[in-house]
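Each remark here refers to the structure printed beneath this line.
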Amino acid sequence: MRIREKIITAACRTADGIEWTSLKIRQDGSEPAGKGSVSCPSEDNEGQSINMPGLTDEVSEKLAGDLTVSIRTSELLMRTAEFPSIDREEIAGMVNFQFDKISPFPLDQLAISHEVLSSSENSSMVLMVAARHECIDAIGEAFKYKGVYIHSIDARILGWFYLLQKGQHLAGEPCEVLIVDDGIDFSMTVLSDGIPLVFRSLSRPEDDAGISELAEEIDYTLTMLDSEHDLPDPQRIDIWSLTSAAPQQTDLLAEKTGVVIAHHDLNILPPLSEGIIERAIHKKARIELIPKEWIEHERMQRLKKKFAVSSGIIGGIWLVALLIFVGIYQSRAIALAKVQEKEASLAPQAQTAIENRKKLKALKNYADRSDSALECLREVTRLLPGGDIEFASYNYTQGKGVSLRGTAESDEIVYEYWELLNDSGLFIDLKDQRINNQVRQGEQRAVFSVNLVMPTTEDDK
C-alpha cells in the first residue's frame, strides 16, 4: 500500500522557550522539513509553566503536520515490571492492575500507557507510564489556544534515553546509573545491560545538603532494585547536563556514594525533539499518553474536512443512483406484473398436474411391490445365516425401511447377518446397530436391533 506523504513535528520545552524538529515522510523514507528554537514567555498558570510555555503565533505556524510533544518526568508515574506474558492485551490488563495498586490517584483520573522494553519466549519487560488527565489537558489547552492540536504525547526522559542509546553513549554494564539534567527535568535512570529498570524524577541539588539527599536517593533506589534483580555495584555514575557541575559538588557526591562520577555535556547530543521524533518514527508500540477524546476530536475534524470537500460529489452520485434505482424498480415492476399475469393463466393447469402426480404416485405404490413389506420380509429371512437366530419384532415403513429386533446364540452370528444385509441390493445402509448380551430362561443370548434403510425415490422426496 502506498504511504501518503505527510509531515510530522516534535516540540519540546527548553529552559527559556521551545524547540522543534519536523520531518517529511514519503514512500521512500523521510527528509528534514525544518527545525528551530525560540524564546517564549512562560505563563504562571499550572500546566503551561510546567510543560510548555505560552506559544507565539510565529511558533504555532511552524508546528506543522502531526504534532508530538514531550512531558516532564516529574509529571509521570513510571515503573518497570516483568510480566509472564507476551500477549499485548494481557499485558495491558496487567499494567492497569499494577497502577490500581500503586497509584495515589484513581484510574479514571489517569492516562495510562506502556511499551515493551524486551521480551523472551514467555515473558516481557514492560515500562509502565501514567499521567494525570489535568496535566495532559493543560498541555493541550496551551496549544489549542493557538489553533494547534496535539497528535501524540511522549516522555522527555525517553527522548534523551533514545539519543544516548543511538549515539552509543551507554556502557551496557550489568548496573549503570544515569542522571540527566536538561534544565527542565532532573531524572535518574538505572539500567541493567542497557535495559532501564527504573526512571525517577529527583530534586536538583542546590547545595551540599542537596548532594547528600541525592546520594541517599541513589542508594535507596539501588537497594530497592537489588532485592528484585540482584544487581552488582555500579562502576560509575554518568551525569549528563547542559552546564558544568561544581568540582566540589562532584567530589562530594563521589564521596557520599563511593562511586566515580563522570560528567558529560548534554549539548553534544542532538536536540531533544530529534529523539522524540525518532521514537515516533521507529517505535511501533511506544507509550502514548494522548487522551482518547483528543484522538476522537482530531478524527472528527478530518472527517468534517473530507465531508465538506466530497459532499457535492456524494450528492451527485446519490442523485444518479436514485434515478437508476427508480428506473430499475419500474422495469422490474412491469416484468413482475407480466409474470403474475402468466402465473394466473397457468394456475388451473398446474393444479391439475399436481393432482395427476398424486394419483400416479398412489398407483405406482400400489402396483410396484418390489419394496413392499412382504418383499422386505422375504429378503431378511432369505439372508439369515446358519445357526440359532430369532426375530422378536419386524416393523416396515413405506419409503423408509425396516426395523428389526431379535436374539441369537452369539455375537458372531449377528455380525455375519449384518454383513449379508449390507450386501443386499434391497437395502442401501444399516443404521443404529446394537448388540448386548442378556440371560433369558437361563441361557446367554445376544440381543440385537438394526434399522435397514431403503432407497428414497424422487416421489418420496
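The values are calculated or read from the model by the stated rules, or taken from the named source; none is laboratory data. Since the structure is predicted, the reported quantities are computational estimates derived from the model, not experimental observations. Here the Cβ positions follow ideal geometry from the backbone for every residue, glycine too, while neighbour counts run over all protein chains shown.
Overview of results
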| quantity | calculated |
| --- | --- |
| Which listed residue, of A245, A171, is free of Cβ contacts under 8 Å to residues at least 60 places away in the same chain and either closer than 22 Å to V129 by Cβ or surrounded by 14 or more Cβ atoms within 10 Å (Cβ to Cβ) (or both) | A245 |
| Any hit, the range 226-235, residues being crowded, with 19+ Cβ neighbours inside 10 Å, touching an Asp or Glu at 6+ places or on another chain (Cβ under 9 Å) and either more than 26 Å from S37 (Cβ to Cβ) or of a type outside the set (S, T, N, Q) (or both) | yes |
| Every residue from the range 95-130 that is farther than 20 Å from L158 by Cβ and either without any contact (Cβ under 8 Å) to a residue 24 or more places away in the chain or polar (S, T, N, Q) (or both) | N96, F97, D100, K101, P104, P106, L107, D108, Q109, S120, N122, S123 |
| All positions within the range 383-409 that are in a loop (DSSP other than H, G, I, E, B) and either polar (S, T, N, Q) or over 60 Å from the mean Cα position of the chain (by Cα) (or both) | L383, L384, P385, G386, G387, D388, Q398, E409 |
| Residue list for the range 178-189, restricted to those being aliphatic (A, V, I, L, M) and free of Cβ contacts under 8 Å to residues at least 40 places away in the same chain | M188 |
| Wholly within the range 128-239, helices (runs of 4 or more DSSP H) carrying at least 2 residues that are closer than 25 Å to K256 by Cα | 208-229 |
| Residue check, K400 in contact (Cβ under 8 Å) with a residue 40 or more places away in the chain, surrounded by fewer than 18 Cβ atoms within 10 Å (Cβ to Cβ) and closer than 30 Å to K358 by Cβ | yes |
| First in the range 199-224 and without any contact (Cβ under 8 Å) to a residue 24 or more places away in the chain, second anywhere and of a type in the set (F, W, Y), Cβ under 8 Å, 6 or more apart | L202/F186; S203/F186; R204/F186 |
| Qualifying position, being within 30 Å of M454 (Cα to Cα), modelled with pLDDT of 80 or more and either surrounded by 10 or more Cβ atoms within 10 Å (Cβ to Cβ) or small (G, A, S) (or both), among A367, A333, A337, A353 | A353 |
| Qualifying residues in the range 410-431 (those that are under 13 Å from A446 (Cβ atoms) and either in contact (Cβ under 8 Å) with a residue 40 or more places away in the chain or in contact with a strand residue (DSSP E or B) (Cβ under 7 Å, 6 or more places away or on another chain) (or both)) - the one surrounded by the fewest Cβ atoms within 10 Å (Cβ to Cβ) | D411 |
